[in-house]
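Report on the structure given below.
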Amino acid sequence: MKTTNWLRRPGVWAVTSALLLGGFAFAGSSAADPNDAGARQSQVRIDRAPTDDGNCDKLASASPSTSDSGLDVQRIIQRGKLIAGIDTNSYLWGSRDPDNGTIQGFDIDLVRALAAAILGDPNKVQLLAVPTDQRIPALQKGLVDVVVRTFTHNCAREKQVSFSADYFTTGQQILVPKGSQVTGLNDGIKGQRICTATGSTAEALLQGSPYKSQEVKVANQLDCLVLMQLGQVDATITDGALAVSQQAQDHSLRILSGQLDTEYYGIAVKLGSTDLVARINAVLQSYIANGDWQQSYDKWLKSHTGQEATPPPAHYR
């Protein structure tokens, strides 16, 4: 029998505020309170940064293991809760249900699946809202065990954190408000105000583009949505998965056809936490095989993307 009791009914997105602590915000709780829980673009690709030897098998991760004996897994078990860095500003991926305050979305389902597998209870989680540019520091400082936050797995980041097998395929796309003159990553963006989140792959892509625009950087991709609605930026570059999230909140926005690259989301942990990566990969393997990944996708994303989807194939070292 599938363990899917952490999958909750989606609600209407709402902007909420949280008490910030050094750039982070506690967004949920442990088991003591389970409810706290148009135009085709030019195909300009930005290659992932290579490793020192000029090669990077960016899809490969540690082989799955169901063992709980590793130091990093044991630390979570002994604490009795999984501390996860998440997003609370991405509708469909991680945001609050306005009816009951519960944090919910595709990534949150995955966090709860991890807790269910490692701790036997999907509610034994503490959710920490982490800004885009603080995902890696949160792991390096030991503030969180995992980051499950639409986090693109690439070579440059593999030098700083360790990644699970990839669990979602996406790519950078351009989102424009009504009346925008932007038609793609081409000469049309010269002088235009283009919004990206600091520390995102979209920021790197825009900086590597030969077309010079006015770069507007924000802490979280949701801020770009607000700026577009206020008429303060002419376009946003973000993951296609997040562009769909923004468009779901404002139907006047358009996602320009064509992806600028192909990217994959992975679960990140502190660099060198191999036992935890292996345990996570075993959970992902089961989560996909028993249909929970598909159930979560169908629940949160399918009606907005209008597409069928499957997780990317796993590759292990």
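The values are calculated or read from the model by the stated rules, or taken from the named source; none is laboratory data. The structure presented is a predicted model; accordingly, all values stated were derived computationally and were not measured. With ideal geometry, Cβ positions are generated from the backbone for all residues, glycine too; neighbour counts draw on all protein chains shown.
Just a yes or no: is a residue in the stretch 235-255 of a type in the set (A, V, I, L, M), outside any helix (DSSP H, G or I) and touching a Gly at 6+ places or on another chain (Cβ under 8 Å)?
yes
Quick one: Gln221 ticks every box in (1) at pLDDT 95 or above; (2) crowded, with 24+ Cβ neighbours inside 10 Å except a single one, so which number is it?
Only one criterion is unmet by Gln221, namely (1).
Can you list residue pairs whose Cβ atoms sit under 8 Å apart, with the first residue in the stretch 108-119 being among the β-branched types (Val, Ile, Thr) and the second being part of a helix (DSSP H, G or I) and crowded, with 24+ Cβ neighbours inside 10 Å? Count only pairs 6 or more apart in sequence or on different chains.
Every condition considered, the pairs that remain are Ile118/Arg279.
Among the residues of the stretch 98-117, which ones are of a type in the set (Val, Ile, Thr) and surrounded by 21 or more Cβ atoms within 10 Å (Cβ to Cβ)?
Answer for the stretch 98-117, where residues must be of a type in the set (Val, Ile, Thr) and surrounded by 21 or more Cβ atoms within 10 Å (Cβ to Cβ): Ile103, Ile108, Val111.
Being assigned to a helix (DSSP H, G or I) and surrounded by fewer than 22 Cβ atoms within 10 Å (Cβ to Cβ) is the filter here; which residues of the stretch 256-277 pass it?
Matches in the stretch 256-277: Thr274, Asp275.
Name the residue, out of Ile280, Ile288, that is buried (at least 22 other Cβ atoms within 10 Å of the Cβ), part of a helix (DSSP H, G or I), modelled with pLDDT of 95 or more and not assigned by TED's automatic domain parsing to the domain that holds Leu222.
Ile280
Failed condition for Ile174, given (1) over 23 Å from Ser273 (Cα atoms); (2) surrounded by fewer than 21 Cβ atoms within 10 Å (Cβ to Cβ), with all others met?
Unmet for Ile174, out of (1) over 23 Å from Ser273 (Cα atoms); (2) surrounded by fewer than 21 Cβ atoms within 10 Å (Cβ to Cβ): (2).
Applying the selection to the stretch 138-158, what residues are farther than 15 Å from Ser273 by Cα and not aromatic (Phe, Trp, Tyr)? Walk me through how you get there before you give the answer.
First pass over the stretch 138-158, keeping only residues farther than 15 Å from Ser273 by Cα: 148-156.
Result: Val148, Arg149, Thr150, Thr152, His153, Asn154, Cys155, Ala156.
Hand me the list of helices (runs of 4 or more DSSP H) wholly inside the stretch 88-207 holding 2 or more residues that are more than 18 Å from the chain's Cα centre (by Cα) and not assigned by TED's automatic domain parsing to the domain that holds Asn281.
201-207
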